[in-house]
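Everything below concerns the one structure shown next.
The values are calculated or read from the model by the stated rules, or taken from the named source; none is laboratory data. Note that this is a predicted model, so its numbers are computed, not measured. Don't worry about glycine lacking a Cβ; one is built from the backbone with ideal geometry, like all the others, and counts go over all protein chains shown. The area values use the complete protein model at the heavy-atom level, side chains included, leaving out ligands, DNA and RNA. Shrake-Rupley method; radii C 1.70, N 1.55, O 1.52, S 1.80 Å.
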Amino acid sequence: MKLTIAFALVTLTLFCRPASTEVCPSLLYALGNLLIGMPSSYEAALEPLSPDKDMKEATRQLKALIDTLSPKTKDSVLQRMGKIVQSPECA
């Protein structure tokens, strides 16, 4: 549960930055793959960002943690992210 809360807070920060008027499609693609994609598709989504060796290992560990969540929890996180993006704070 702590991981879910931390992920939601990071998402809120990324999506609701005052200087941001649009969410990067690559970020949305990577986040979708993080939550519901296969590890290989998540890594492929991050490849255009040219991650170094440490970043790749960190993202593998994060994906492994996310994959321990139940499908219901993942769905709830996706729903929450959608509500965050559509909230007045992100308008």
Open item on the list: Please go through (1) part of a helix (DSSP H, G or I); (2) β-branched (Val, Ile, Thr); (3) free of Cβ contacts under 8 Å to residues at least 12 places away in the same chain for THR59 and return the number of the only condition it doesn't satisfy.
Closed with: (3)
Task: Boolean, THR73 is touching a Leu at 6+ places or on another chain (Cβ under 9 Å), open to solvent by less than 90 Å² (accessible area, probe 1.4 Å) and modelled with pLDDT of 90 or more - done: no
Open item on the list: modelled with pLDDT of 90 or more and open to solvent by less than 60 Å² (accessible area, probe 1.4 Å): is that true of SER41 in this structure?
Closed with: yes
Task: the range 51-70, residues that are within 18 Å of SER26 (Cβ to Cβ) and open to solvent by 90 Å² or more (accessible area, probe 1.4 Å) - done: MET55
